[in-house]
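Following: one structure in structure tokens, then a few remarks.
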Amino acid sequence: MPRLSWYLRRSPQPLPNSMNRRQFLQHGSAALLLGGFERMLCAQSGKTPESSRGELVGVVPFRDEAAVPMGRVFGEELDARLYTDLSTLTPENLTTPTESFYIRTRASGLLTPDDIAAIRVGGLALHTAPIKPDILINSAKPMGTHLMECAGNARIIHFALMSVAEWSGVPLSSLIDDAKPKPEATRVLVSGFDTYQLPSRSSLPGASWIFTLDDIRQSGAFLATEMNGKQLTRDHGAPVRLVVPGWYGCTCIKWVNAITLIDDTAESTSQMQEFAGRTLQDSMPRLARDFQPAVIDQAAMPIRVEQWKVGKENRYRVVGILWGGKLPIKTLEIQFEADGGFVPVTSFSQTKNDPWSFWTHSWRPLRPGVYGIRLRVGDAGVQARRLNAGFYERSVEITEI
Ligand SMILES: Nc1nc2c(c(=O)[nH]1)N[C@H]1C(S)=C(S)[C@@H](COP(=O)(O)O)O[C@H]1N2
Ligand SMILES: [Mo]
């Protein structure tokens with residue numbers, strides 16, 4: 001079957017979700033994807049793209065991305081990872097199942113129930129009774145669907161350190177209020193258990209982050225006890241982890257064991273220093289007050305490039321996501337290097353910045369070759385530092401036009 005061999009020949013790793021094209025089609029995934037996109041496109045633009053009347057031939061793999069294991073956990077402790085396969089995302093399935101949600105550190109071999117039996121409350125506070133996780137578990141409320149992205153996300157690993165879950169928990173600001181902060185308390189240090197058996201190749205032990213009390217309120221940060229309707233798993237920080245909507249994952253401390261109220265003289269933590277570059281700090285500030293909020297700017301990238309046959313003609317459709325930022329954007333533009341400048345993405349709408357939204361773009365490459373695919377925001381004044389630096393660029397080789 002020529003089409004299948006075409007697909008296999010060009011896939012360094014089976015895509016999507018470790019299925020070859022035949023399985024992909026048999027699985028009904030293609031139909032699912034198409035059904036979803038047609039509906040989305042109709043809802044958005046009132047017309048059906050020509051490609052949806054054709055046959056899906058395959059998915060063109062991204063170039064220069066490593067053959068890393070997807071969707072399963074590997075490694076130990078600080079060096080453990082689980083990469084989320086974003087190539088199969090659909091508008092109907094916006095949340096990542098817990099077993100596929102990315103993991104950046106697995107629970108320490110040294111972590112015992114005693115280490116997380118209570119969250120210490122201290123520092124510049126009048127009411128410093130420790131908080132028992134059971135109290136939080138029993139009073140947890142739905143906290144919404146939020147995206148988490150590791151600041152160390154990268155092209156080489158398919159940008160797979162990014163996932164979305166539906167969370168339950170307790171707002172951190174209400175626990176801070178309960179602690180009765182003294183007038184001089186302006187910030188909060190959230191710490192988690194972070195001592196390991198094994199030395200790490202790439203990460204420093206010690207997990208804690210300092211926030212202003214305003215940051216906590218404005219972001220809606222919460223202590224999470226559940227994701228996707230079930231109690232947190234051990235590797236995702238059970239019994240209690242911090243989630244800071246709109247901020248990078250390095251601020252979302254797992255195995256929380258202390259909440260400390262502090263003032264403006266506090267030094268930045270080792271975790272803040274480790275992530276200073278990746279959270280786009282200008283330098284390596286010594287004091288916590290000189291850190292910029294570790295927020296995720298508006299970003300966008302392709303997750304899949306589909307090849308279609310319409311009659312005898314080849315058509316391509318680029319499918320992608322956009323996330324981050326403060327306000328929904330109106331104009332998203334795409335560039336196929338070598339083919340010239342930026343053009344508007346044919347179908348997109350962002351109604352919320354968190355979690356991610358979908359976009360699709362019909363593409364007819366002018367000639368065979370290698371194309372870098374880049375996106376940019378058309379609206380003026382939108383901060384998109386990583387996007388504008390080319391961080392989320394991906395590339396494909398087109399051989400049939
Ligand atoms: N205690 C502790 N919390 C931690 C970390 C850690 O190593 N130790 N890693 C942080 C980083 S860098 C990220 S991206 C997120 C990842 O959370 P996840 O593994 O549940 O996806 O947890 C954060 N919280
Ligand atoms: Mo991270």
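The values are calculated or read from the model by the stated rules, or taken from the named source; none is laboratory data. Because the structure is a prediction, the values reported are computed rather than measured. Cβ coordinates were reconstructed from backbone atoms using ideal geometry, including for glycine residues, and neighbour counts include every protein chain displayed. Heavy atoms of the whole protein, side chains included, go into the accessibility calculation; ligands, DNA and RNA do not. Shrake-Rupley method; radii C 1.70, N 1.55, O 1.52, S 1.80 Å.
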Matching entry among S200, S191 (being surrounded by fewer than 21 Cβ atoms within 10 Å (Cβ to Cβ) and among the polar types (S, T, N, Q)) | S200
Residue count, the range 267-290 (criterion: touching a residue at least 24 places away in the same chain (Cβ under 8 Å), more than 16 Å from ligand 2 (Cβ to nearest atom) and not polar (S, T, N, Q)) = 2
Please work out which one of (1) under 23 Å from R53 (Cβ atoms); (2) free of Cβ contacts under 8 Å to residues at least 12 places away in the same chain; (3) open to solvent by less than 50 Å² (accessible area, probe 1.4 Å) is the condition K312 fails and give its number.
-> (3)
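So that you can scan it fast, the table gives a plain yes or no per residue for (1) within 12 Å of ligand 1 (Cβ to nearest atom); (2) within 20 Å of the chain's Cα centre (by Cα); (3) under 29 Å from S202 (Cα atoms); (4) open to solvent by 20 Å² or more (accessible area, probe 1.4 Å):
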position	(1), (2), (3), (4)
D64	no, no, yes, yes
T95	no, yes, yes, yes
S100	yes, yes, yes, yes
D115	yes, no, yes, yes
L124	no, no, no, yes
L161	yes, yes, yes, no
E166	no, yes, no, yes
Among L172, L204, which is touching a residue at least 40 places away in the same chain (Cβ under 8 Å) and away from ligand 2 (no atom under 16 Å from the Cβ)?
-> L172
Give the number of residues within the range 114-155 that are within 16 Å of ligand 2 (Cβ to nearest atom), touching a Gly at 6+ places or on another chain (Cβ under 7 Å) and assigned to a strand (DSSP E or B).
-> 2
Considering only residues that are in contact with a helix residue (DSSP H, G or I) (Cβ under 9 Å, 6 or more places away or on another chain) and within 14 Å of ligand 1 (Cβ to nearest atom), look in the range 260-291 and name the one that is most open to solvent (accessible area, probe 1.4 Å).
-> R278
With the condition kept exactly as written, say whether any residue in the range 187-196 is farther than 20 Å from V243 by Cα and either assigned to a helix (DSSP H, G or I) or away from ligand 1 (no atom under 13 Å from the Cβ) (or both).
-> no
